[in-house]
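*Asks:* Handing you this structure, nothing more for now.
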Amino acid sequence: MAYETITVEKRGGIAIVTLNRPKALNALNDELTAELVAAFADIEVDEEIGCTVLTGSEKAFAAGADIKMMQSKSYMDVYKGDLFGGFDRIAAHPKPIIAAVAGYALGGGCELAMMCDFILAADTAKFGQPEIQLGVMPGIGGTQRLTRFIGKSKAMEMCLTGRMMDAAEAERSGLVSRVIPAGELLDEAIKAAEKIAGMSQTAVAMTKETINRSYETTLAEGIRFERRVFFAMFATEDQKEGMEAFVEKRSPRFRNR
Ligand code: DAK
């Protein structure tokens, strides 16, 4: 399918989705949201794809929701149109998504990166929730996810002052998993995605679901959930294959069953 505001490349077992509105620094508008939702719906049912890299340009992952699109909207417009409601579908995508962030990840851009399963940051990356400067606040999960990822004090400071965080601070704060020289970012993200796509996709999906459960429940319930899912893995062919391959000193051949 041809898209106007993103590109999608399938490469072996992975997909690379690139935000592509260079003139607006990849600002998120309705069209881009709908195209991202459609692309991830395709990836979800594509059995060949095990992991996606979501990236932007050298200058911007995404500079936020499109301010020019939002400027004239009324309460009824955003309420009835469920502004950016499509992003819930991306947050619920069952396969892993790696955000490869270079340059600005601001507002909705930072929120989109946080919906992914982990963030690899170029040393040029800058994260921020500057909505307060526009007289609004984060509205695609920023107040909730940022607070859980970096803690109340830093999240409050960023959301109340609009201060940006550089890549080194983002790594120290636990927002990103690793900082990588900008020129190597995409290759590193692809390498990680290929590694994940080579695992049992059943085990990968169950692991993603279980880690995400830790944000939704108490520790005791989460541990109970983990145990149930772990036990269930012994009903999969991939558990037999993975352990047999270890004992036989060979690489496993997972069949995602
Ligand atoms: N929206 C629209 N256009 C944008 C944009 C944005 N967020 N960011 C940049 N652009 C456009 C600029 O207007 C400019 O276009 P032209 O003037 O050339 O036509 C072009 O991209 C290049 O930008 P600059 O000329 O400004 O480039 P600089 O290098 O000088 O500056 C910058 C880069 C990233 C520092 C600057 O562009 C900037 O501050 N951008 C805005 C960042 C921002 O405020 N982001 C947050 C947006 S609000 C919701 C509730 C709230 C929200 C959403 C949902 N719900 C309850 C559902 C709000 C979310 C947001 O993200």
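*Asks:* If you scan the range 129-154, which residues turn out to be part of a helix (DSSP H, G or I), free of Cβ contacts under 8 Å to residues at least 24 places away in the same chain and of a type outside the set (K, R)?
*Replies:* Residues satisfying the conditions are T143, Q144, T147, S153.
*Asks:* Another one. Considering (1) of a type in the set (D, E); (2) at pLDDT 95 or above; (3) open to solvent by 50 Å² or more (accessible area, probe 1.4 Å), say which one D82 fails and leave the rest.
*Replies:* Every condition holds for D82 apart from (2).
*Asks:* Additional query: Just a yes or no: is a residue in the range 159-176 in contact with a strand residue (DSSP E or B) (Cβ under 8 Å, 6 or more places away or on another chain), closer than 25 Å to G50 by Cβ, part of a helix (DSSP H, G or I) and not acidic (D, E)?
*Replies:* Within the range 159-176, none of the residues are in contact with a strand residue (DSSP E or B) (Cβ under 8 Å, 6 or more places away or on another chain), closer than 25 Å to G50 by Cβ, part of a helix (DSSP H, G or I) and not acidic (D, E).
*Asks:* Here is a check on your reading of the model: is Y104 surrounded by fewer than 16 Cβ atoms within 10 Å (Cβ to Cβ), within 16 Å of the ligand (Cβ to nearest atom) and among the aromatic types (F, W, Y)?
*Replies:* no
Listed here are the residues, each with its yes/no results for (1) outside any helix (DSSP H, G or I); (2) open to solvent by 10 Å² or more (accessible area, probe 1.4 Å).
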{"position": "R89", "(1), (2)": "no, yes"}
{"position": "H93", "(1), (2)": "yes, no"}
{"position": "C110", "(1), (2)": "no, no"}
{"position": "A121", "(1), (2)": "yes, no"}
{"position": "F127", "(1), (2)": "yes, no"}
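*Asks:* Out of M243, M206, which single residue is in a helix (DSSP H, G or I) and open to solvent by less than 60 Å² (accessible area, probe 1.4 Å)? Step through it out loud before you land on a result.
*Replies:* Details: M243 fails: open to solvent by less than 60 Å² (accessible area, probe 1.4 Å).
Every option except M206 fails the conditions.
*Asks:* Another question, then. Given the criteria more than 16 Å from C110 (Cα to Cα), surrounded by 14 or more Cβ atoms within 10 Å (Cβ to Cβ) and of a type outside the set (S, T, Y), does A63 qualify?
*Replies:* In short, no.
*Asks:* Sticking with this one: Just name the residue that is nearest to the ligand (Cβ to nearest atom) out of those in the range 80-101 that are touching a helix residue (DSSP H, G or I) at 6+ places or on another chain (Cβ under 8 Å) and charged (D, E, K, R).
*Replies:* Per the stated criteria, the residue is R89.
*Asks:* Turning to a different aspect of this structure: Give the residues of the range 37-74 that are away from the ligand (no atom under 16 Å from the Cβ) and touching a Pro at 6+ places or on another chain (Cβ under 9 Å), sorted by residue number.
*Replies:* E44, G50, C51, T52
*Asks:* Another question, if that's okay. Would you tally the residues in the range 25-36 being open to solvent by 20 Å² or more (accessible area, probe 1.4 Å), away from the ligand (no atom under 11 Å from the Cβ) and not charged (D, E, K, R)?
*Replies:* Residues meeting the conditions: 1.
*Asks:* Follow-up question, since we're still on this one. Report whether or not G12 is open to solvent by 50 Å² or more (accessible area, probe 1.4 Å) and more than 16 Å from the ligand (Cβ to nearest atom).
*Replies:* In short, yes.
The values are calculated or read from the model by the stated rules, or taken from the named source; none is laboratory data. What you see is a predicted model; the values in this text were computed from it and never measured. Virtual Cβ from ideal backbone geometry, glycine too; neighbours counted across all protein chains shown. These area figures cover heavy atoms from the full protein model, side chains too; ligands, DNA and RNA do not enter into them. Shrake-Rupley method; radii C 1.70, N 1.55, O 1.52, S 1.80 Å.
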